[in-house]
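First comes the structure, then the notes that go with it.
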Amino acid sequence: MKIRSIRTRLAAVAAAVAILPAAAQLAHAGEPGAVAAAPDGRVLIWSGYHYTDYCNAWASSPDTLGPCHDTTSSVCNRGWVGDFDDVWLFQHTHYQGAKRGLYNARCIDDLRNFKFDASNISMDNQISSMKWTNLA
């Protein structure tokens, strides 16, 4: 049963990669730092800008980011293509506070220019938890 699931996911990834547009076309409008990323089922976090000072990566939905809690300056969503491949980034632990969605295959190299949805709160050094989801 698990082997079938893995084969199904690998086939879906291979099919999606074959039809992905160029990186420039994947960038989300209004997010100048967004770039395409190869899917590997994880969200990667760096404490430095422009993907420096790597902190950690998660395939799960942690309610706290441990050593990366409130130190995130760059983030990259490399979720598998398909269901629950987008991610909510939360200001506080346990999925609390302001949040902002990050679509699959999107990366932000400098969070200083980004705010949580419906707030004036900078995302830079403010991300404390994350949860996989499907963004509309």
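The values are calculated or read from the model by the stated rules, or taken from the named source; none is laboratory data. Computed from a prediction, not measured in an experiment: that's the story for all the values here. With ideal geometry, Cβ positions are generated from the backbone for all residues, glycine too; neighbour counts draw on all protein chains shown. For accessibility, only protein heavy atoms count, side chains too; no ligands or nucleic acids. Shrake-Rupley method; radii C 1.70, N 1.55, O 1.52, S 1.80 Å.
The table below gives the values:
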quantity: Test result for residue 79, of a type outside the set (A, V, I, L, M), touching a residue at least 12 places away in the same chain (Cβ under 8 Å) and either closer than 14 Å to residue 50 by Cα or surrounded by 22 or more Cβ atoms within 10 Å (Cβ to Cβ) (or both); calculated: yes
quantity: Sole exception among (1) under 21 Å from residue 38 (Cβ atoms); (2) open to solvent by less than 40 Å² (accessible area, probe 1.4 Å) for residue 90, by number; calculated: (1)
quantity: Residues satisfying the stated conditions in the stretch 81-129, i.e. assigned to a strand (DSSP E or B) and under 11 Å from the mean Cα position of the chain (by Cα); calculated: 86, 87, 88, 89, 100, 101, 102, 106, 107, 108
quantity: Count of residues meeting criterion [outside any loop (DSSP other than H, G, I, E, B), open to solvent by 20 Å² or more (accessible area, probe 1.4 Å), at pLDDT 90 or above and of a type outside the set (D, E, K, R)] in the stretch 20-55; calculated: 3
quantity: Which numbered condition residue 125 misses (of (1) on the phi > 0 side of the Ramachandran plot; (2) at pLDDT 95 or above; (3) open to solvent by less than 20 Å² (accessible area, probe 1.4 Å)); calculated: (3)
quantity: Residue within the stretch 100-118 that is of a type in the set (Asp, Glu), modelled with pLDDT of 90 or more and open to solvent by less than 60 Å² (accessible area, probe 1.4 Å) present; calculated: yes
quantity: Tally, over the stretch 56-73, of residues that are open to solvent by 40 Å² or more (accessible area, probe 1.4 Å) and of a type in the set (Val, Ile, Thr); calculated: 2
